[in-house]
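See below for the structure under consideration.
The numbers here are math on the coordinates, done by the rules we state, and not lab data. None of the values given here were measured: they were computed from a predicted structure. Every residue, glycine among them, receives a Cβ derived from its backbone with ideal geometry; neighbour counts consider all protein chains shown.
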Amino acid sequence: MGIDLTGMSPAELDALAKAIEARKVEAEKEARQNAYAEMLAAAEKHGVSFKDVIALHGGKGRKSGAKAAAKYANPDDASQTWSGRGRKPAWVHAALEAGKSLDDLAI
């Protein structure tokens, strides 16, 4: 399955690239449809509704967009807060180097 690209003009290459992208999107859609059909068949085989299977696993895992509550605040600028998770902000590093403790920064 070789396509000789060396003799193609830029316009022909652009047309080929568009055709490739269109086929790629189509193939991905077909793959999703096939996967869905297989999942429906598996649920039916076990005598359960696919919606019941999805509901069984719904709500588990991390909620996207949920932020942790702030635990620490910059004493010089109360609008700068930190939850205690992830990397320490620069103002926390500066306060710790100045001899303060995290308890001093607690809200």
For every other residue with a beta carbon closer than 14 angstrom to the beta carbon of Lys100, add +1 if it is Lys or Arg and -1 if Asp or Glu, then tell me the sum.
-3
For the chain, set up a GNM with springs between Cα atoms under 10 Å and report which of Ala66, Ala11, Ala31 has the largest fluctuation.
Ala11
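Less than 14 Å Cβ to Cβ from Phe50, Lys/Arg counted +1 and Asp/Glu -1: what total charge do the surrounding residues give?
Numbers: positive: Lys45, Lys51; negative: Glu38, Glu44, Asp52.
So the surrounding residues net to -1.
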To test your reading of the geometry: what angle, between 0 and 90 degrees and rounded to tens, separates the Cα axis of helix 10-45 from the longest principal axis of the chain?
80
Cross-link reach from Lys18 to aspartates and glutamates, straight Cα distance under 14 Å and at least 8 residues apart if same chain, gives Glu26
Rounded to the nearest 20 debye, what is the charge dipole size of the chain about its Cα centre when +1 sits on each Lys and Arg Cβ and -1 on each Asp and Glu Cβ?
560
Per-selection Kirkwood Rh - the chain (Cα, Å, 1 d.p.)
20.5
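Would you tally the net charge around Pro75, using a Cβ to Cβ cut-off of less than 13 Å, leaving Pro75 out, and scoring K and R as +1, D and E as -1?
Counting the neighbours of Pro75, the net charge comes to -3.
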Work from the charge dipole of the chain (Cβ charges, +1 for Lys and Arg, -1 for Asp and Glu, about the Cα centre) and give the residue of Ala95, Val25, Leu5 farthest towards its positive end.
Ala95
Quick one: grab the alpha carbon gyration tensor of segment 10-57, order the square roots of its eigenvalues as a ≥ b ≥ c, and give me rounded if a/c is under 1.5, else prolate or oblate depending on whether a/b is larger than b/c.
prolate
Given the Cα-Cα distance of Leu56 and Ala70 and 0.36 nm per residue of separation, how much length would full extension add, in nm?
1.8 nm
